[in-house]
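Inspection log for the structure reproduced underneath, given as structure tokens.
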Amino acid sequence: MKFLVTGGAGFLGTAVSNQLAADGHDVCVLDNLSNGTTADGIHPAINFVQGSVNDIPLLWSLLYDVDCVYHLAARVSVAESLLHPREYSQVNVVGTVSLMEAMRDSGVGRVVFTSSGAVYGRQPHQPVHENDIPAPDSPYAVSKWAAEQYIHTIGERWGIETVALRIFNAYGAGQALPSSHAPVVPRYLRQAMTGGSVIIYGDGSQSRDFVHISDVVAALKSAATVKGVNRQVINIGSGVETTVNDLTDLIEMVSGRSVNRLYNKEKSGGVTRLVADISRARALLGYRPRISLKKGLKLTMSNEQQAVDN
């Protein structure tokens, strides 16, 4: 098959693009590298193009004969979105509409959109199910929910198959560690391995659903070809609830190092609980998470150790 992956130089994008290329597919990656990423980790068989998802003429040139688009291009920091909501709307919402217009003009039949578990916000019960009414609490979450509505509505009008995967807290080798607003798993691992202190917001009892990158890639691959998923929204997580304190305990276990914990109770740790009901993913995608958090942390730690050593 022939695929276009927008945002394909990012953490998730690189992982799925490289796997598709390794499987023998024809893959083109579009990324503007604005998140500080580079194209260095992309499989040599992949055609990499630097550019914007809002550049419709460029999209036309890349969509010729494409069977399916993976739409991952997005700004992804909750904290940053509070400071720059207009930018998040321009990239995450307008960029999605631009892509859908270009797909319509080019006759591409399916798009797999990476949404986020953040759209749920605070829910009265856990685990969260796709039928629960979203309560987004950040511009980032709003932009992802809005983009879901756009792809499905436009897809219905223009005859494009659409599926949105609400991905929870993905982690694994290759995840960027920016100087600000870094994801929790690589940040805590790096601190543990370098003797730094782990800063925990709130009391650490807030819970999340951590899912290994290899399981996310398996779900993304399935969503491109499986039948019966048109217009669906599907949770992709581990289905296991883990508190931030428990995550820190596991990091101590796999690293063999004691972690100095600094609790900042004046700053919110976000929603109190968030874990995915993955029954729909099992039924529609044949999705079976294979990597436990303990195993995933060991795999990620091995990669982090190489980074520290270098």
Contour excess over end-to-end distance, with Cα ends at LEU58 and ALA22 and 0.36 nm allotted per residue: 10.4 nm
GNM top mover of LYS267, LYS144, LYS221 - the chain, alpha-carbon springs below 10 Å: LYS267
Förster radius 30 Å - calculated FRET efficiency between ALA45 and LEU82, Cβ distance, rounded to 0.05: 0.15
Ascending count of other beta-carbon atoms within 10 Å, so fewest first, for GLU87, GLU266: GLU266, GLU87
The chain: antiparallel DSSP beta bridges as a percent of all, rounded to 5: 5
FRET E, pair THR272, ASN131, Förster distance 25 Å, beta-carbon r, rounded to 0.05: 0.75
Distance between modelled label sites at SER292 and ALA176, nm, 7 Å Cα→Cβ extension: 3.3
Volume per residue that the Cα convex hull of the range 77-152 spans, once the total is divided by residue count, Å³: 88
Contact order relative to length of the range 122-221, as percent, for alpha carbon pairs under 8 angstrom and 6 or more apart: 24
The chain - mean residue ellipticity at 222 nm from DSSP helices (-39,500 (n - 2.57) per run, n ≥ 4, rounded to 500): -12000 deg cm²/dmol
Separation of the TYR201 and THR225 label points, Cα + 7 Å toward Cβ, nm: 4.0
Magnitude of the charge dipole, the chain, Cβ model with Lys/Arg +1 and Asp/Glu -1, debye to 20: 600
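Computed from the coordinates by the stated procedures, all read-outs in this text should not be read as laboratory data. What you see is a predicted model; the values in this text were computed from it and never measured. Cβ coordinates were reconstructed from backbone atoms using ideal geometry, including for glycine residues, and neighbour counts include every protein chain displayed.
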